[in-house]
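Contents: one structure, followed by commentary.
What follows is calculated from the coordinates using simple rules that are stated; it is not laboratory data. Remember, it's a predicted structure, so these values are computed and weren't measured experimentally. All Cβ positions, even for glycine, are placed from backbone atoms using ideal geometry, and neighbour counts span all protein chains on display.
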RNA sequence: GGAGAGUUGGCCGAGAGGCUGAAGGCGCUCCCCUGCUAAGGGAGUAUGGGUUUUAUCGCCCAUCGAGGGUUCGAAUCCCUCACUCUCCGCCA
């Protein structure tokens with residue numbers, strides 16, 4: 001959620017900034033709502049004040065043993081009037097909240113203009129694109145060998161867009177996850193957490209998935225409403241919901257492995273083949289909670305932490321700065337890391353690292369006590385995939401294949417593979 | 001799943017319809033005092049919101065697990081829900 005004060009003082013600026021995302025913001029509707037809100041809130045509070053002071057007077061009169069009937073007659077009319085005002089106020093406040101919760105974050109100055117992923121800006125490339133003296137297979141063909149990766153079985157057990165991994169490939173994915181967790185905890189200073197994979201609506205509202213993106217979620221229960229997490233970002237960032245953090249405890253850095261569940265309604269037709277876009281996938285997420293002045297620097301570092309995994313695995317990748325039109329709802333600035341997939345001869349997203357500044361923190365009421373002001377102030381939140389494990393598995397398979405369709409185990413993963421050097 | 005007991009400020013804990021946003025204690029901050037330390041004295045110490053933006057001051061509103069209700073008036077009475085603890089059952 002954006003700062004309501006910004007709307008009251010810089011309405012034109014807000015509209016202009018939201019335009020960069022092609023978000024159509026209607027300042028007239030906002031101003032009208034805000035004017036009514038003010039009007040009704042002031043009126044309601046005046047009535048409440050009147051009721052409170054009258055009631056107090058009755059209490060005092062009664063204590064003195066005076067006749068309170070005249071006073072009671074005086075407040076008679078207040079009840080209905082106040083109730084009507086309160087109803088009207090809560091009505092307009094929920095309209096206001098609905099409006100505000102549907103507005104995306106403002107973009108950082110450094111984010112380039114653009115409409116789609118085609119306008120994203122390439123920042124850097126790393127690694128050698130492998131050359132093969134044979135036609136490289138994609139992960140689906142490689143996985144079909146020994147039924148190590150079985151999409152039909154996934155469909156039988158669940159539905160389309162689920163997969164079953166068997167034997168060494170299942171272990172390889174686990175090895176990838178282990179490498180990521182170990183690297184982030186022992187080299188990058190993150191603290192490992194284990195969290196619920198079902199979350200309530202408040203948590204999803206806090207990180208920005210609700211109310212706007214319910215269609216992307218799997219709802220697992222109705223009363224109370226519980227949803228399968230689309231990313232560990234949700235439960236992990238909600239650790240600090242409604243918390244005032246001691247200044248000395250910042251930054252907080254969490255790493256968390258979890259399965260992720262995405263309904264991706266409407267996404268059918270894209271990436272139908274293989275493990276690129278699944279309803280369920282494994283991911284290691286890194287999350288930072290920082291002082292506002294530190295978030296830009298933290299964003300760079302967090303992205304480097306994700307890159308470090310690709311470097312350890314010697315997977316070629318490029319780093320993209322997302323353009324205005326491709327940057328997510330809650331983010332001010334996002335770097336995507338795209339790994340090279342020989343099977344598709346293209347770069348594909350494997351990590352997304354975002355700085356949300358105070359957008360999530362405001363929804364979460366996640367604050368820290370600023371020693372300079374002595375007051376609670378909003379923190380900044382950041383997160384990134386470090387990395388998506390399913391897609392990392394694909395990348396390892398495709399980049400480390402040989403002419404016979406076998407897969408060499410990258411050096412960094414060997415300690416986790418129990419002596420295995422080659423799969424297939 | 002069954003039975004019972006709880007949920008009050010950073011923490012402990014009083015309060016049982018009316019000058020209670022909440023006694024008292026602990027902690028913390030500032031000041032005074034005392035060779036040092038310890039002890040002592042004094043003051044302050046929730047959060048959100050409104051009041052044409054911000055800051056100061058003031059005034060006002062809301063909040064005693066959450067949401068409804070009764071009442072002129074609710075931390076206090078009633079209802080619903082959530083969570084915590086204890087015992088029993090069942091399990092990993």
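Between residue A:68 and residue A:244, what's the calculated FRET efficiency when r is the beta-carbon distance and R0 is 51 Å? Round to 0.05.
0.70
Between residue A:291 and residue A:19, 0.36 nm times their residue separation minus their Cα-Cα distance comes to what?
95.1 nm
Please compute P(r) over all alpha-carbon pairs of the range A:224-278, binned at 5 Å starting from zero, and give each bin as a whole-number percent.
Histogramming the range A:224-278 at 5 Å steps yields 4, 13, 18, 18, 14, 12, 9, 6, 4, 2 percent.
Let a ≥ b ≥ c be the square roots of the eigenvalues of the Cα gyration tensor of the range A:360-414; is it rounded (a/c under 1.5), or, if not, prolate (a/b larger than b/c) or oblate?
Since a/c reaches 1.5 and a/b is larger than b/c, the shape of the range A:360-414 is classed as prolate.
What relative contact order, as a whole-number percentage, does chain A give when Cα pairs under 8 Å and 6 or more residues apart are counted?
With pairs under 8 Å counted, the relative contact order is 20 percent.
Calculate the translational D of the range A:162-222 in whole µm² s⁻¹ from Stokes-Einstein, where the hydrodynamic radius comes from the Kirkwood formula applied to all Cα pairs, the temperature is 4 °C and the viscosity 1.567 mPa s.
Rounded, D is 88 µm²/s.
Work out, in µm²/s and without decimals, the Stokes-Einstein translational diffusion coefficient of the range A:68-187 at 20 °C, 1.002 mPa s, Rh from Kirkwood over C-alpha pairs.
D = 94 µm²/s.
Among rounded, prolate and oblate, which fits chain A when a ≥ b ≥ c are the square roots of the eigenvalues of its C-alpha gyration tensor, a/c under 1.5 means rounded, and a/b larger than b/c means prolate?
The shape class here is prolate.
For A:368, A:340, A:126, what ranking results if the residue with the fewest other Cβ atoms within 10 Å of its Cβ goes first?
A:126, A:340, A:368
Computed on alpha carbon atoms, what radius of gyration and Dmax characterise the range A:34-96, expressed in Å?
Computed over the Cα atoms of the range A:34-96, radius of gyration and Dmax are 14.7, 47 Å.
Grab the Cα-Cα distance for residue A:88 and residue A:216, subtract it from 0.36 nm times how many residues apart they are, and report the gain in nm with one decimal.
Here the answer is 42.8 nm.
Given 0.36 nm per residue, what is the gain on full extension from residue A:412 to residue A:75 after removing their alpha carbon distance, in nm?
113.6 nm
Taking the alpha-carbon centroid of each part, what is the distance from the range A:25-59 to the range A:100-120 in angstrom?
The two parts, judged by their Cα centres, are 36 Å apart.
Given that compact globular proteins tend to follow 2.2 N^0.38 Å, what is the ratio of the alpha-carbon Rg of the range A:1-150 to that value?
2.08
Based on the alpha-carbon gyration tensor of the range A:115-236 and its eigenvalue square roots a ≥ b ≥ c, which shape applies: rounded if a/c is under 1.5, prolate if not and a/b is larger than b/c, or oblate?
Prolate, since a/c reaches 1.5 and a/b exceeds b/c.
What percent does the relative contact order of the range A:1-144 come to when contacts are Cα pairs within less than 8 Å and at least six residues apart?
Once divided by the residue count of the range A:1-144, the mean separation gives 34 percent.
Once you have the alpha carbon radius of gyration of the range A:191-296, what is it after dividing by 2.2 N^0.38 Å, with N set to its residue count?
Compactness ratio reported: 1.18.
Using only Cα atoms, find the angle between the long axis of helix A:167-186 and the longest principal axis of chain A, and express it within 0 to 90 degrees, rounded to the nearest 10.
60
When only C-alpha pairs under 8 Å and at least 6 residues apart count, what is the relative contact order of the range A:304-356, in percent?
32
Whole angstrom only: what separates the Cα centroid of the range A:258-329 from the Cα centroid of the range A:176-248?
What the calculation gives is 14 Å, centre to centre.
Angle check, please: helix A:389-399 long axis (alpha carbons) against the longest principal axis of chain A (alpha carbons), in degrees 0 to 90, nearest 10.
Once rounded, the angle reads 20 degrees.
If you take the Cα Rg of the range A:76-118 and divide it by 2.2 N^0.38 Å, with N the number of residues, what do you get?
The value comes to 2.21.
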